[in-house]
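Report on the following structure.
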Amino acid sequence: SSTFIAEFTIKVRGWANRAGRREFMPLGLFSGGEKRVFEHENRVHPVYFNYACAKVDDVTIALPPEWKIGNLPAPVNQDQNVVAYSNKVEENHGTVHILRKLKLDLLGVDRSHYPALRQFFQFVRSGDDLQMVLQPNS
């Protein structure tokens, strides 16, 4: 297997939402691919994946000097052997480090097991929607 690593600097418009003097930032920056997966409650056919995969988002955010962390969400973790998800965020001297891991080590899921797969992806979505709170330094 091969590993793909990319390092870059980005600006994401609209990632944070302002509420009063605070900013709320969801943890799932690169999780768009999982946002709408398996939303429907019922499944008629089995689920097939093209390949097994693992995604690791290792993101460090340098906070502007006028902002500080107000609150960080607790880490989340769910490991069911063939599927696993974890997301944790830590503060370190003006930076925020987000480590998100998603593992799908399966190729097919019978429709009788679809409810468990759907529930797992609902857990992924809720973990990605967790928010850190930033507040002014003053």
So E91, is it touching a Lys or Arg at 6+ places or on another chain (Cβ under 7 Å), acidic (D, E) and closer than 22 Å to D129 by Cβ: no
Total residues in the stretch 7-52, condition touching a residue at least 12 places away in the same chain (Cβ under 8 Å), of a type in the set (D, E) and out of contact with any helix residue (DSSP H, G or I) (no Cβ under 9 Å at 6 or more places or on another chain): 1
Selected residue (criterion: nearest to R125 (Cα to Cα)) from residues of the stretch 58-71 that are of a type outside the set (A, V, I, L, M) and without any contact (Cβ under 8 Å) to a residue 60 or more places away in the chain: D58
Candidates K55, K103 - the one that is in contact (Cβ under 8 Å) with a residue 12 or more places away in the chain and open to solvent by 70 Å² or more (accessible area, probe 1.4 Å): K55
Out of K103, K88, sole residue that is touching a Cys at 6+ places or on another chain (Cβ under 8 Å), at negative phi and of a type in the set (K, R): K103
Tally, over the stretch 92-112, of residues that are in a loop (DSSP other than H, G, I, E, B) and under 23 Å from A54 (Cα atoms): 4
Residue in the stretch 79-98 that is farthest from F120 (Cα to Cα), counting only those that are touching a helix residue (DSSP H, G or I) at 6+ places or on another chain (Cβ under 7 Å) and of a type outside the set (F, W, Y): N87
Residues (open to solvent by less than 50 Å² (accessible area, probe 1.4 Å) and modelled with pLDDT of 85 or more) located in the stretch 38-51: P46, V47, F49
Test set (1) touching a residue at least 40 places away in the same chain (Cβ under 8 Å); (2) closer than 29 Å to V12 by Cα; (3) open to solvent by less than 80 Å² (accessible area, probe 1.4 Å); (4) of a type in the set (A, V, I, L, M, F, W, C) - A84 fails condition number: (1)
Residue list for the stretch 86-96, filter: over 12 Å from the mean Cα position of the chain (by Cα) and either at pLDDT 95 or above or more than 14 Å from G28 (Cα to Cα) (or both): E90, E91, N92, H93, G94, T95
Qualifying position, being among the charged types (D, E, K, R) and touching a Phe, Trp or Tyr at 6+ places or on another chain (Cβ under 6 Å), among R111, R43, R21, R36: R43
Filtered residue count, the stretch 17-69, keeping only those that are at positive phi and small (G, A, S): 1
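The values are calculated or read from the model by the stated rules, or taken from the named source; none is laboratory data. Everything quoted here is computed from the prediction, not taken from an experiment. Every residue, glycine among them, receives a Cβ derived from its backbone with ideal geometry; neighbour counts consider all protein chains shown. When the accessible area is computed, the model is the full protein with side chains, heavy atoms only, and any ligands, DNA or RNA have been set aside. Shrake-Rupley method; radii C 1.70, N 1.55, O 1.52, S 1.80 Å.
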